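Let me begin by presenting the structure, written as structure tokens, before commenting on it.
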Amino acid sequence: MKPTVNASISLFAVLLAVLMVSCSDKMEEGTLSIDNDEIILPAKGDSTRIAVSSTLEWRIDFAETSWLKSDVMGGQPARTYFTLITTDNNSDSERFCDLTVYEGNDSVKAIKVRQLSRYPFISPATQALDLFPNGGDYQMRLSMNVPETDIKVSSDASWIDGCRIMDGVLYFTAKPNTENLRTDTIRLEYTDSYDRKAVASIAVSQPFSQYAGAEEISFDKAKAYKGSITDKVCVKGTLVANGASDNMSKNRYILQDTNGNTLLFQSEKLIPLDRFNQVEVALTDGEVTEEKEGHFTYKVIKGITTAHILSSDKASFTPPVKSIRELTSDMVFSLVTLRDVEIASPHGAFTNFMTTDPGSATRAADPYYWVKLYPAYYRWYPTCIRDANGSHIYMLTSLNTSYAHETLPTGSGTITGIVDRVRLSNFGITEDELSIIPLDRSDISLSTVNSVSDLLVEWDCNIPASVLKGGTLTVYHPTGGLTTESAAVLSKDGNIRFQQWYTDNVLGFQDDYRGDVNLTNTNPKGGFGRVTQGAFNSKPWKVGSYFYVDKISTKGISGRLSLQVEMNTSWGGAISMHIEYATSMGGPWTKLDNSEFKVLGEFDRSMAAGRSEKNIPGYRVYDFLLPASLSGKDNICLKIVADESKGPVRLANLSIRYNK
């Protein structure tokens with residue numbers, strides 16, 4: 001049983017004293033006096049007993065609220081208490097409720113019930129920080145629920161100066177260290193009006209650098225070293241990658257000079273460096289190592305420590321702005337901004353992997369079952385981006401990023417990232433082509449408005465509700481695009497009808513994968529990221545077999561057209577295909593220049609042979625610029641033609657866009 005809490009000895013209760021006087025022989029009148037005007041309750045939900053002393057019937061009343069209840073709302077004189085019951089207050093604001101005490105029908109007094117906000121806290125981004133030998137200005141983001149102006153910041157060290165907090169960031173200055181390793185603690189303290197305390201500390205250490213006075217050399221000369229560097233040398237440049245991105249290898253840094261030349265270095269643990277600072281790095285005792293992406297080799301200087309950072313100063317840096325076609329292999333590892341780009345097929349999320357499946361209870365229960373078994377297959381997901389010139393490139397996104405499951409933006413704008421050459425054999429991407437790797441979500445600046453192109457016609461290839469219920473279709477019309485194109489058709493040569501399950505010359509439906517759906521993993525059949533029957537499946541496929549679209553008008557459109565398809569095939573192997581175009585299904589048909597591509601075999605949940613480095617865990621988007629001659633036509637039609645006999649072949653999306 002909880003003890004009675006009296007206001008005279010506790011902050012969280014009030015004593016209600018009722019004084020009785022005799023007014024006549026026939027009737028008693030009581031006078032209720034209240035010693036306290038306020039009941040203060042702790043933030044943590046609890047039950048608090050309030051003592052009552054009365055010789056008359058009494059009652060209480062307060063507005064109904066979800067966080068405050070009472071076990072009784074009144075009682076006879078023999079009832080000497082009531083209990084207030086609260087839920088946890090997890091907000092940073094106090095909660096209030098007005099409670100009224102009655103004698104009979106008469107209000108005696110109003111009492112303010114106050115529940116405190118959650119306990120104050122201060123949480124620095126890290127509890128330990130290595131400083132640079134040359135000192136400098138430092139900042140650290142703080143998480144807190146207290147007024148920053150009331151936080152006391154202190155340090156005992158004479159070499160730490162200017163400690164202050166502004167806009168949630170702790171700032172301080174460290175003086176250069178010319179002697180030995182030194183350490184100190186920066187303390188953060190806060191006490192609220194209820195004597196509740198929040199305390200945090202940051203352990204700082206500053207080494208003495210034996211590398212001071214190093215000779216500055218060029219990036220090319222630095223990369224010419226082999227093995228351990230014994231010369232007392234250093235390099236200086238803009239830090240475009242600071243080792244903290246979730247979309248690149250951790251603790252890997254990239255320096256870039258004014259000519260776009262780059263140098264990669266790596267540390268064992270993260271060195272706190274601000275992106276775009278002008279950084280001077282000593283290379284002595286660093287180890288030059290060679291790494292590979294397929295046949296592409298490059299150098300990384302490893303073994304860099306905080307002591308190697310001679311200086312890190314704020315600087316102004318704007319990445320060079322380029323079109324996709326302006327990118328060259330000389331720009332690998334440099335940071336650029338691609339202008340006027342859009343996502344070629346903006347469906348799903350930044351990652352649309354197949355990560356699990358319903359094949360067994362173990363797999364279905366783990367949304368990342370296949371990722372854990374085959375991490376090399378899931379390094380990045382390639383999203384096709386394009387521009388109005390018809391150029392395209394793949395933007396790479398890791399499952400480790402905070403936006404991996406965010407729905408893709410449909411507008412246009414800029415994308416800033418590191419130009420790279422990577423080998424993603426599971427997606428048919430080789431080290432001979434360029435990719436772009438944004439380091440942060442803010443680097444992807446695509447609006448909701450698209451100034452590059454508009455959607456002419458689209459088929460999402462999802463199973464129609466009527467077919468799912470056992471019906472069939474003979475014609476599959478568009479699911480998106482201009483209403484003028486509603487009569488357009490998508491089918492396959494020899495196709496008889498559309499039904500739920502595919503067979504020879506009958507188009508059926510297969511699963512698609514989208515990183516922004518079914519993410520609660522509550523589906524007992526392993527539905528994480530899975531769109532059930534969200535793609536076409538078809539057979540047979542022999543040389544000359546094709547998907548086709550027809551009855552599409554481009555009359556009144558002068559902008560260049562482009563075709564986007566999202567495809568894979570059976571796990572047994574890739575199938576070579578190409579694109580053809582005409583103005584009627586009767587021809588003549590023309591092969592689109594440079595349209596040859598390979599549709600990859602799907603990663604298979606059942607067959608071990610279908611889980612190789614060449615099997616795609618999902619679908620790939622392909623983008624093709626169509627000839628200018630197809631604009632302004634009453635009718636155009638396209639074929640996706642097989643160059644070999646394989647299959648089945650799956651189609652998850654097909655769209656045609658036109659430039660504005």
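The values are calculated or read from the model by the stated rules, or taken from the named source; none is laboratory data. Everything numeric in this text was worked out from a predicted model, so none of it was measured. Counting neighbours? That spans all protein chains shown, and the Cβs are built from the backbone with ideal geometry, glycine included. Note: areas computed on protein heavy atoms with side chains; ligands, DNA, RNA excluded. Shrake-Rupley method; radii C 1.70, N 1.55, O 1.52, S 1.80 Å.
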Picking from Pro133, Pro77, Pro124, the residue that is of a type outside the set (Lys, Arg), over 34 Å from the mean Cα position of the chain (by Cα) and within 30 Å of Glu268 (Cα to Cα) would be Pro133
When segment 464-490 is checked residue by residue, the ones that are assigned to a helix (DSSP H, G or I) and either surrounded by 13 or more Cβ atoms within 10 Å (Cβ to Cβ) or in contact with a Gly (Cβ under 7 Å, 6 or more places away or on another chain) (or both) are Val467, Leu468, Thr484, Glu485
Of the candidates Gly632, Gly610, the one satisfying the condition of being surrounded by fewer than 23 Cβ atoms within 10 Å (Cβ to Cβ), small (Gly, Ala, Ser) and within 34 Å of the chain's Cα centre (by Cα) is Gly610
Ser558 fails exactly one of (1) over 17 Å from Ser345 (Cα atoms); (2) open to solvent by 20 Å² or more (accessible area, probe 1.4 Å); (3) in a strand (DSSP E or B), namely (3)
Per the filter on segment 386-398, residues in contact (Cβ under 8 Å) with a residue 60 or more places away in the chain and either open to solvent by 60 Å² or more (accessible area, probe 1.4 Å) or out of contact with any Phe, Trp or Tyr (no Cβ under 7 Å at 6 or more places or on another chain) (or both) are Arg386, Asp387, Ala388, Asn389, Gly390, Ser391, His392, Ile393
Taking the criterion of being acidic (Asp, Glu) and buried (at least 18 other Cβ atoms within 10 Å of the Cβ), would at least one residue in segment 102-120 satisfy it?
yes
What about Gly544, is it in a loop (DSSP other than H, G, I, E, B) and open to solvent by less than 20 Å² (accessible area, probe 1.4 Å)? no
When restricted to Ser205, Ser209, the only residue of a type outside the set (Lys, Arg), touching a residue at least 60 places away in the same chain (Cβ under 8 Å) and out of contact with any strand residue (DSSP E or B) (no Cβ under 6 Å at 6 or more places or on another chain) is Ser209
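So that you can scan it fast, the table gives a plain yes or no per residue for (1) in a loop (DSSP other than H, G, I, E, B); (2) more than 27 Å from Arg118 (Cβ to Cβ); (3) in contact with a helix residue (DSSP H, G or I) (Cβ under 7 Å, 6 or more places away or on another chain):
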{"residue": "Gly162", "(1), (2), (3)": "no, yes, no"}
{"residue": "Thr173", "(1), (2), (3)": "no, yes, no"}
{"residue": "Tyr190", "(1), (2), (3)": "no, no, yes"}
{"residue": "Ser201", "(1), (2), (3)": "no, no, no"}
{"residue": "Ser209", "(1), (2), (3)": "yes, yes, yes"}
{"residue": "Gly213", "(1), (2), (3)": "yes, yes, no"}
{"residue": "Lys223", "(1), (2), (3)": "no, yes, no"}
Subset of segment 90-101, residues touching a Phe, Trp or Tyr at 6+ places or on another chain (Cβ under 8 Å) and loosely packed, with under 13 Cβ neighbours inside 10 Å, comes to Asp98
Check whether at least one residue in segment 420-429 is over 16 Å from the mean Cα position of the chain (by Cα), open to solvent by 50 Å² or more (accessible area, probe 1.4 Å), more than 16 Å from Leu396 (Cβ to Cβ) and in contact (Cβ under 8 Å) with a residue 60 or more places away in the chain, and report yes or no. no
Expected single match for open to solvent by 50 Å² or more (accessible area, probe 1.4 Å) and either of a type in the set (Val, Ile, Thr) or under 30 Å from Gln139 (Cα atoms) (or both) among Ser245, Ser205, Ser218 is Ser218
Counting only strands (runs of 3 or more DSSP E) entirely within segment 85-155, those with at least 2 residues that are farther than 28 Å from Ala63 by Cβ are 122-124, 128-130, 136-144, 152-155
Note on segment 173-189: residues modelled with pLDDT of 95 or more and open to solvent by less than 30 Å² (accessible area, probe 1.4 Å) are Asp184, Ile186, Leu188
Among residues of segment 252-276 being modelled with pLDDT of 95 or more and within 19 Å of Pro207 (Cβ to Cβ), the residue most open to solvent (accessible area, probe 1.4 Å) is Gln266
Go through the residues of segment 284-303 one by one and say whether even a single one is surrounded by 20 or more Cβ atoms within 10 Å (Cβ to Cβ) and out of contact with any Ser or Thr (no Cβ under 9 Å at 6 or more places or on another chain). no
